[in-house]
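Written out below as structure tokens is the structure these notes cover.
The values are calculated or read from the model by the stated rules, or taken from the named source; none is laboratory data. If you're wondering where the values come from, they're calculated on a predicted model, not measured in any experiment. Cβ: placed from backbone, ideal geometry, glycine included. Neighbour counts: every protein chain shown. Note: areas computed on protein heavy atoms with side chains; ligands, DNA, RNA excluded. Shrake-Rupley method; radii C 1.70, N 1.55, O 1.52, S 1.80 Å.
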Amino acid sequence: VLIELRSTALYWKKIKERLMVSETIIEILEEWPIKNNFNFAIGFGGPHYFSNFNKIQINTEFALSHIAPKYVLDEISQELFLQAIQKTIEPVQYAIFDWKGMVKAHREKISGWAVDQDIKVLKIKKII
């Protein structure tokens, strides 16, 4: 679930909007089914709004803690990759690639890091 209150200080100061976002998050969490059988993953590639990753989270047992879209993959270092794993409370088991939403160099670089961490790489189209 992605809930965003714009990314400028102007919006952060709007108390009514902040309260609305907070109440929405609480309502969702109270109604959300609790499952203990998730496969925890991080995602790479695709467009900014993650349409394929959203389908995965809605329709499968995969839960993604971090998603890096195609336009930031040049900036992803091994250190950032490791931070995504370390900052996920649950153990990350998979790196899911939006294969067509990545260039070969990004796939090779990130899959190498995943293998080094015993994380399985999956293509998004094999899941949805």
Could you work out the helix-only [θ] at 222 nm for the chain, with each DSSP H run of four or more residues adding -39,500 (n - 2.57) and the total divided by the number of residues, to the nearest 500 deg cm²/dmol? -12500 deg cm²/dmol
List every residue whose amide H lies under 5 Å from the amide H of Q93, counting only residues 5 or more places away in sequence or on a different chain, with H placed 1.01 Å from N in the peptide plane. F40, A41
Using the heavy atoms of the protein chains alone and a 1.4 angstrom probe, what is the accessible area of the chain per residue in square angstrom? 70 Å²
Picking from I58, F40, L82, whose Cα lies most toward the positive end of the charge dipole for region 31-88 (charges on Cβ: Lys, Arg +1; Asp, Glu -1)? I58
Once the in-chain neighbours fewer than 8 apart are removed, the aspartates and glutamates whose Cα is under 20 Å from K125 read E61, D98, E108
Name the lysines eligible as straight-distance cross-link partners of K104: C-alpha to C-alpha under 16 Å, and not fewer than 8 places from it in the same chain. K70, K123
For region 10-110, whose charge dipole is built from +1 on Lys and Arg Cβ atoms and -1 on Asp and Glu Cβ atoms, the candidate among A68, A105, W12 with its Cα farthest towards the positive end is A105
Using a basic spin-label model with each label point 7 Å from the Cα along Cα→Cβ, how many nm lie between L19 and A105? 5.1 nm
Percent relative contact order for the chain, counting Cα pairs under 8 Å at least six residues apart, stands at 25 percent
Quick check for me: using +1 on Lys/Arg Cβ and -1 on Asp/Glu Cβ, what's the dipole size of the chain about its Cα centre, in debye to the nearest 20? 460 debye
Mind ranking 81-87, 39-45 by how tightly packed they are, going by the mean number of other C-beta atoms within 10 angstrom, highest first? 39-45, 81-87
